[in-house]
Amino acid sequence: MHNKIADILQKSVLSKNDLIILLSANKDNAEIIFNKAAEIKTKYIGNYTYFRGLIELSNICTRNCLYCGIRSGNKNAERYMISDEEVFNSVKYALDRHWGSVVIQSGERSDTAFIDKVEHILRQITQMCEKKPGITLSLGEQKTDTFKRWFDAGATRYLLRIESSNPDIFKKIHPQDKLHNLERRIENLYTLQKLGYITGTGVMIGLPFQTIEDLANDLLFMQKLDIDMIGMGPYIEHEDTPLYQYRDLLLPIEERYFLSLKMIAVLRILMKDVNIASSTALQAINPDGREEGIRVGANVIMPNITPVRYHKSYNLYKGKPDIPPETDNYIKILEKQIALAGDKVGYGDKGDPKHFFRRTVER
Ligand code: SAH
């Protein structure tokens, strides 16, 4: 098996079957995959990790995704929306530390008040900065006009995970209604690309019903879409969600973690110059999880700079509320661990994905 993997790593084009073999590697064999991914990262994008300050704007959500702890049907979630001033303070925290970019994520809403609020926030952030910061939005599916308004107001990147590229799995993990629709979500990604956004997507890894072949297809989907940035991480069950009933079907949590590291590494080998985030969900399983993600090919970490009192409420999955807040001391430790993983922090740089400027697929 070791030799087979080494042969695959020499190829310039990887087939679905190659991807399946790589994703199936055991702990010993995975090391050469991880090393190859690290080598490609050094060669194509350099050894820099970029911080994006993550602001979890609100957990109010109109969707009812069967895996997500902030789904509209979860009556146990205490709902919040942070004030504009709190957003600006968080942005200031990130920019004062020369992080160069922030991510605004939220439960999904598409009412006028929400659209206006986000637009206002974007305009204010752009005004308060001398140098235009990178602003990523992760606010779910929206109308083209809304995406355009937010782009014009200063957002440059948009992250919209497809969760799974397999239509059957997508159906099983979402309610059967007009709101939740894989094709429309993919259409949204095309729209974002057309509008000029640096476009990101991603999937959950280790979902019930998901096979290694599904994950290989997910990687090929991202390649075909010519996506610029990827955020993907292990699925972690949440007891207040309908998908919890399938917890006995899941891989043990350490295996979901290991599979996620392999997905990051194989994606780096496949797509070379994209930005890959080392997800918070990795950290929820292993306190050093994000740093391990960096070692195997990721180049983005999103420290959570949401005011601490809201952390418990943005409760997407089990273990998330227990993650310690990212204080200056903690960031120093993180920096050391990033150095151990072979990277420097890319301070003062927005860290736009090189892929965006070389994208070959025309929309
Ligand atoms: N509403 C926005 C983003 C908020 S949720 C949107 O629709 O894009 C952000 C991401 O958290 C989701 O895309 C999903 O991939 C992830 N997530 C939600 N529940 C999860 C769970 N139980 N385990 C792991 N990741 C989860």
For the stretch 143-156, Karplus couplings with θ = phi - 60° (6.51, -1.76, 1.60), whole Hz, Gly/Pro x: 6, 3, 4, 5, 3, 5, 4, 5, 5, 5, 7, x, 6, 10
Heavy-atom accessible area ranking, 1.4 Å probe, most first, across T146, T62: T62, T146
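Which of the trypsin sites (Lys or Arg not before Pro) found in the stretch 9-81 are loop residues per DSSP with 13 or fewer other Cβ atoms within 10 Å of their Cβ?
K11, K75, R79
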Unsatisfied cross-links (Cα-Cα over 30 Å) in the set K43/K350; K16/K43; K16/K75; K36/K312: K16/K75; K36/K312
Gain on full stretching of the segment that runs from R79 to I212 - 0.36 nm per residue minus C-alpha separation: 44.3 nm
Cα-based reach from K171 at 12 Å (exclusive), listing aspartates and glutamates while leaving out same-chain residues under 8 positions away: E163, E183
Other-chain or far-sequence residues with amide H under 5 Å of I60's (modelled H): Y80, G107
Residue-span extension gain [S12 to T42] - 0.36 nm each, minus C-alpha spacing: 9.1 nm
Trypsin sites (Lys or Arg not before Pro) within the stretch 118-186: DSSP coil, no more than 10 neighbouring Cβ in 10 Å: K131, K178
Relative contact order for the stretch 1-118, counting Cα pairs under 8 Å that sit 6 or more residues apart, in percent: 27 percent
Solvent-accessible area of L207 with every protein chain in place, 1.4 Å probe, in Å² to the nearest 10: 10 Å²
Sites L340 and S24 - FRET efficiency at Förster radius 22 Å, r taken between beta-carbons, to 0.05: 0.20
Where labels lie 7 Å past Cα in the beta-carbon direction, separation of T62 and M128 in nm: 2.7 nm
Value of [θ]222 nm, deg cm²/dmol, for the chain, DSSP H segments ≥ 4, -39500 (n - 2.57) each, nearest 500: -13500 deg cm²/dmol
Restricting the stretch 258-363 to GluC sites (Glu not before Pro) in coil, as DSSP defines it, with at most 12 other Cβ within 10 Å: E362
Note, ³J(HN,Hα) from phi for the stretch 19-26, Karplus 6.51, -1.76, 1.60, rounded to Hz, x at Gly and Pro: 4, 4, 5, 4, 5, 8, 4, 7
Selection from I104, A298, L270 lying farthest towards where the dipole of the chain points positive, charges on Cβ: L270
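I'd like the antiparallel share, as a percent to the nearest 5, of DSSP beta bridges with both residues in the stretch 13-360.
5 percent
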Ranked by how many other beta carbons lie within 10 Å on average, peptides 190-203, 233-246 from highest: 190-203, 233-246
Share of carbon and sulfur in the accessible heavy-atom surface of the stretch 13-360 [1.4 Å probe, %]: 52 percent
Gaussian network model of the chain, springs between alpha carbon atoms under 10 Å - residue of I276, I338, I169 with greatest fluctuation: I169
Placed amide H near Y235: partners under 5 Å, 5+ positions off or other chain: I205, G206, L207
Average projected area [Cα convex hull, the chain], square nanometres: 16.4 nm²
Pairwise label distance in nanometres, D248 with H2, each label 7 Å out on the Cα-Cβ vector: 3.9 nm
Residue-level accessible surface for F221, protein heavy atoms, 1.4 Å, Å²: 40 Å²
For the stretch 198-206, Karplus couplings with θ = phi - 60° (6.51, -1.76, 1.60), whole Hz, Gly/Pro x: 6, 10, x, 9, x, 9, 9, 10, x
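The values are calculated or read from the model by the stated rules, or taken from the named source; none is laboratory data. Model, not experiment: these values are computed from the prediction. Backbone-built Cβ (ideal geometry, glycine too); neighbour counts: all protein chains shown. Note: areas computed on protein heavy atoms with side chains; ligands, DNA, RNA excluded. Shrake-Rupley method; radii C 1.70, N 1.55, O 1.52, S 1.80 Å.
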